[in-house]
1. Filter region 76-98 down to the residues that are closer than 23 Å to E27 by Cβ, free of Cβ contacts under 8 Å to residues at least 40 places away in the same chain and under 35 Å from the mean Cα position of the chain (by Cα) and list them by number.
2. Restricting to region 370-397, count the residues that are more than 17 Å from I324 (Cα to Cα) and within 48 Å of the chain's Cα centre (by Cα).
3. Can you spot a residue in region 131-147 that is over 23 Å from P196 (Cβ atoms) and more than 27 Å from the chain's Cα centre (by Cα)?
4. Hey, could you check region 55-75 for residues that are more than 21 Å from R132 (Cβ to Cβ) and free of Cβ contacts under 8 Å to residues at least 60 places away in the same chain and say which is surrounded by the fewest Cβ atoms within 10 Å (Cβ to Cβ)?
5. Restrict the check to region 259-281 and report whether at least one residue is in contact (Cβ under 8 Å) with a residue 24 or more places away in the chain, part of a helix (DSSP H, G or I) and more than 23 Å from M234 (Cα to Cα).
6. So K393 ticks every box in (1) open to solvent by 40 Å² or more (accessible area, probe 1.4 Å); (2) in a helix (DSSP H, G or I); (3) closer than 18 Å to Y286 by Cα but one. Which box is left unticked?
7. Restricting to region 208-228, name every residue that is open to solvent by 40 Å² or more (accessible area, probe 1.4 Å) and within 21 Å of H253 (Cα to Cα).
Amino acid sequence: MKKLTILLLLLLSVPAFPASVIRQAKEAIKKKQNLEATAKNLLAEAAKPETKHADRVECYILAAECWKRVNDAENMKLYLKQKYDTTKFFSSIRQMFELLETADSLETVPDEKGRVRIRNRHSSHDRLLPYRKNILAGGNWYFRKAQMKEALSFFKTYIDAAESPIFEADDFLQTDTMMPGVGYLAVHAANLSQKPDAVIKYCPLALSAGIRNYIVQEFLTKAWVAKGDTARYMEEMWEGLHKYPEHTYFYSHLIDRLMEQQNYERGLAVTDSMIAWSDTVPLFHYAKSLLLLKLHRDEDAIKAADDCLALDSNYVDAHYNKGIASLNLALIYAETACTDLTNPQCKRDREIIRSLYELARHPMERVRQLQPENKERWAAPLYRIYLHLNMGKEFDEMDKLLNG
């Protein structure tokens, strides 16, 4: 009796064989019961190394059928105008695609006897084809809800399925006119969900849509930054500047990088080419003034700042550059100015230096008006200006500000 009890316990502890799991799954599908749990059990069985090749394929196919029945139930609620689970409605379809594509991929692998038998591709095609539009609808639904990670998963499924052997005969990459637009949405979703590999993968398809390509190119540059590939980043930045000069993102970031490298001459050449392309963009003239400042070409920097301010009189950084360039000129001139009070040249030199400080005063006071809270930027320059112009009241104010 004790031996019989032990034998029964051992039999009960033995896990179910694939045939048993598959038989139970078929019964659950027939009765439409415990479908999600059944799909989970099938995938667990397929993951076991001892599961035979044919049984593993069938596990995936039956798991897909479970999710089809889940979708059928939600679809019926929708048809009857009853409350239904939108997330489950869409996710069940995506599960079907992933599972049947996995099953198809497994069938291309030789079994235990070295045989390759692709038996389910045609039926998988017929089963999935009616649901393609729902995959796209699911991606759009999540995109509108700003759930970009989920949206991307649906767009990826839609695009990648077109490259699957299941749909090879359909040639969706050529015949589906929606494909480029889906690529555009996929790149957007990938960028917002910080998936640089997906941005890079779907960028060519997105660009073929011809929808705001400059934004797609911008996302591509950001993707290479995220991957730490500086060379590809710079390559795509130059490409963006060449193709979309009106989108100042590429220009401003390239100039920032050239400034970091202290490659001011190259930056100036690029800026001059941009001004030649369009001389009505204040940014280009401001950047030119900054680069000229770095190159110690102060008079030219003032001219470039004036060109910027002629287009935008409130461009605070151009006012600042003009003020600093004027102060530089005053300091440089003072270094070689005549100091002999008996020499008439001394008076002329003093007048020139004073005029340069006057030239610096207006733009620097404008910086103060436009950025009153940014005292660190304008207080010290105005202190020097008021000192040399003998403006006592204004000087005292700056002195108090600087000395707390």
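1. Hits for region 76-98 are K88, S92, M96.
2. Adding up the residues that qualify gives 3.
3. Taking every residue of region 131-147 in turn, at least one turns out to be over 23 Å from P196 (Cβ atoms) and more than 27 Å from the chain's Cα centre (by Cα).
4. Step by step, filter region 55-75, then rank; the result is D55.
5. Scanning region 259-281, I find no residue that is in contact (Cβ under 8 Å) with a residue 24 or more places away in the chain, part of a helix (DSSP H, G or I) and more than 23 Å from M234 (Cα to Cα), so the answer is no.
6. So K393 meets the others, but not (3).
7. R212, Y214, K222, V225, A226, K227, G228
For (1) open to solvent by less than 50 Å² (accessible area, probe 1.4 Å); (2) at pLDDT below 95, each residue gets a yes or a no:
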{"site": "Y79", "(1), (2)": "no, yes"}
{"site": "T87", "(1), (2)": "no, no"}
{"site": "E112", "(1), (2)": "no, yes"}
{"site": "R132", "(1), (2)": "yes, no"}
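The values are calculated or read from the model by the stated rules, or taken from the named source; none is laboratory data. Everything quoted here is computed from the prediction, not taken from an experiment. Virtual Cβ from ideal backbone geometry, glycine too; neighbours counted across all protein chains shown. The area values use the complete protein model at the heavy-atom level, side chains included, leaving out ligands, DNA and RNA. Shrake-Rupley method; radii C 1.70, N 1.55, O 1.52, S 1.80 Å.
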